[in-house]
Amino acid sequence: MGTVLGAMRNVRWHELQHAYGSASQVPGVLSRIAWGDAPSSDEALNDLERWIGTPPVFDSTAATVPFLWELAATDTVRDRAGVLDLLSTILAAGNPEHPAWTRAAHEAVAEGRGTAVRLAADDTAAAPPPRTVRAAATRLLAAIDGHTCPACPAGPAPSPAGA
């Protein structure tokens, strides 16, 4: 049986940085978003936004994004719309001193586009309020599709021949 956030143990968080130092506490914050009560989950989401998304991104940001996508897709997460909004914040953020971090973070957000499509079309979302999740997913999808920045390659990735 797989678990939400099970792959976090494969990331060397202590080697990554966020806005206030070592990213070693990011797994605990992600866990609080996944399983915490409403106040704890809200506080954790706010902490994570300050640490990895606003205004510059860090090397820990790209490592965190796949887990944010996992949380956004998990019906039992209390603030899935907030998680999607954090992904939008990351897509809009950058780090001019570290364009590779910016590009990696933006690419990690874009890689979850399929999840955004599914959530934007989901009329049966179990977590209340589903319209909020759909609206956040729709906004994020538009941001992904319209994304341009100096750190990212211009235009959509070329499709394979014959596709």
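The values are calculated or read from the model by the stated rules, or taken from the named source; none is laboratory data. Bear in mind the structure is a predicted one, so any value in this text is a computation, not a measurement. Here the Cβ is made from the backbone with ideal geometry for all residues, glycine too, and neighbour counts use every protein chain on show. Surface accessibility is based on the protein's heavy atoms, side chains included, excluding ligands, DNA and RNA. Shrake-Rupley method; radii C 1.70, N 1.55, O 1.52, S 1.80 Å.
A few notes on this one:
- Taking all protein chains together and rolling a 1.4 Å probe, residue 51 ends up with roughly 30 Å² accessible.
- Spin-label model distance (nm) - residue 24 vs residue 42, 7 Å beyond Cα toward Cβ: 3.1
- Burial ranking of peptide ranges 5-13, 75-83, 107-115 (average Cβ count within 10 Å, highest at the top): 75-83, 107-115, 5-13
- Anisotropy class of the chain from Cα gyration tensor, a/c 1.5 cut: oblate
- Loop-located GluC sites (Glu not before Pro) in the range 1-95 whose Cβ has at most 10 other Cβ within 10 Å (DSSP): none
- For the chain, accessible area per residue (1.4 Å probe, heavy atoms of protein chains only), Å²: 52
- The apolar share of the surface of the chain, taken as the fraction of accessible area on carbon and sulfur atoms (1.4 Å probe, ligands and nucleic acids excluded), comes to 56 percent.
- Magnitude of the charge dipole for the range 1-110, about its Cα centre and with charges confined to Cβ atoms of Lys, Arg (+1) and Asp, Glu (-1), is about 220 debye.
- Label separation (residue 14 vs residue 92): 3.6 nm, computed from points 7 Å beyond Cα along the C-beta direction.
- Gain upon complete extension [residue 148, residue 3; 0.36 nm per residue less C-alpha separation]: 48.8 nm
- Other residues whose C-beta falls under 12 angstrom from the C-beta of residue 62 contribute a net charge of -2, scoring Lys and Arg +1 and Asp and Glu -1.
- Packing rank of 26-33, 139-146, where each peptide gets the mean count of other beta carbons within 10 Å, highest leading: 26-33, 139-146
- Local electrostatic count, residue 24, Cβ distance below 11 Å [Lys/Arg +1, Asp/Glu -1]: 0
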